[in-house]
Amino acid sequence: MTEQDTKIALITGASRGLGFYLAEALAPDYHIVALARTTGGLEELDDLIKAKGGEATLAPMDITNRDAMAHLCRSIYDRWGKVALWAHTAIHAAPLTPAPHMDQKDWQKSLSINVDAMGHLIPFVAPLLGDDGTALFFDDPHGGEAFYGHYGTTKTAQMALARSWATESAKTGPNVQILEPKPMRTALRARFHPGEERDALAGPKDEAARLLASLQG
């Protein structure tokens with residue numbers, strides 16, 4: 001198999017949680033391009049993928065850096081020509097707080113990671129997906145809920161853009177899907193519900209497997 005025939009899965013937000021286990025589950029059927037800011041998490045993922053006989057390209061980058069994302073996507077194109085699957089799991093979860101008490105730095109970070117980055121990620125990745133690729137986004141509906149001003153507002157905006165793209169591409173491709181994971185034992189949820197009984201929540205590894213299986217059903 002030549003590099004141009006290799007199936008590429010781009011995972012943005014691959015160093016932990018759902019993104020980490022989606023990347024692990026997709027290997028070795030896909031060569032994983034794993035993007036995140038946390039180098040340690042990426043290296044741990046790389047070890048797991050290699051143990052399965054797979055391969056990964058680690059991209060310790062910030063999705064809010066437009067130039068870095070342009071360089072990454074150009075590099076993917078030059079080496080492989082396309083991406084078969086893109087799963088976008090990168091998210092900023094600011095602390096829950098009443099709307100009048102929202103911190104400006106958390107607000108700007110939420111906008112930058114959860115919304116603004118989508119404005120260049122989709123235009124950069126869409127040509128790599130072409131008509132036949134698949135883009136996955138993951139809803140976590142909290143818009144309008146008390147104390148979810150930072151997260152709920154920006155996550156809702158992110159999903160609105162993803163749904164627009166899904167509608168636009170329904171007849172032409174790529175295949176844009178919005179999935180809704182079950183509540184999981186992740187660091188993100190622990191920030192929102194620190195006293196919650198975690199044993200009752202879905203494991204992110206199991207949830208990654210379930211969501212991928214739903215694509216084939």
Open item on the list: Need one number for segment 15-60: average projected area of the convex hull over its C-alpha atoms, nm².
Closed with: 2.4
Task: Isotropically averaged projected area of segment 28-102, using the convex hull of Cα atoms (one quarter of hull area), nm² - done: 6.8
- [ ] Provide the per residue accessible area, probe 1.4 Å, for segment 137-177, rounded to a whole number of square angstrom.
- [x] 48
TODO: Calculate the radius of gyration of the Cα atoms of the chain to one decimal place, then report Dmax, the largest Cα-Cα distance, as a whole number, both in Å.
DONE: 16.9, 57
Task: 18 Å Cα-Cα reach of LYS7 towards aspartates and glutamates, excluding residues that sit fewer than 8 places from it in its own chain - done: GLU24, ASP29, ASP46, GLU55, ASP78, ASP131, ASP132
- [ ] Using only the Cα atoms, work out Rg/Rh for segment 1-130, with Rh taken as the Kirkwood radius, to two decimals.
- [x] 1.02
Task: Expected 222 nm ellipticity per residue - DSSP helices of 4 or more, -39500 (n - 2.57), all of the chain, to 500 - done: -14000 deg cm²/dmol
Open item on the list: Please list, by residue number, every one of the GluC sites (Glu not before Pro) in segment 138-217 that is coil in DSSP and has at most 15 other beta-carbon atoms within 10 Å.
Closed with: GLU145, GLU196, GLU197
Open item on the list: For segment 161-216, compute Rg over Rh where Rg is the Cα radius of gyration and Rh is the Kirkwood radius from the inverse mean 1/r over Cα pairs.
Closed with: 1.13
- [ ] Enter the per residue convex hull volume of segment 79-139, computed from alpha-carbon coordinates, in Å³ rounded to the nearest integer.
- [x] 101
Open item on the list: Placing one identical point scatterer on every Cα of segment 100-217 and ignoring solvent, what is log10 I(q)/I(0) from the Debye formula at q = 0.13, 0.22 Å⁻¹?
Closed with: -0.62, -1.33
TODO: Could you check how much of the accessible area of the chain is carbon and sulfur, as a whole percent, using a 1.4 Å probe?
DONE: 51
Open item on the list: Tell me which trypsin sites (Lys or Arg not before Pro) from segment 117-197 have a DSSP coil assignment and no more than 11 other beta carbons within 10 Å of their own.
Closed with: LYS171
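The values are calculated or read from the model by the stated rules, or taken from the named source; none is laboratory data. Only a predicted model underlies this, so the values are computations on that prediction, with no experimental measurement involved. All Cβ positions, glycine included, derive from the backbone under ideal geometry; neighbour counts span all protein chains shown. These area figures cover heavy atoms from the full protein model, side chains too; ligands, DNA and RNA do not enter into them. Shrake-Rupley method; radii C 1.70, N 1.55, O 1.52, S 1.80 Å.
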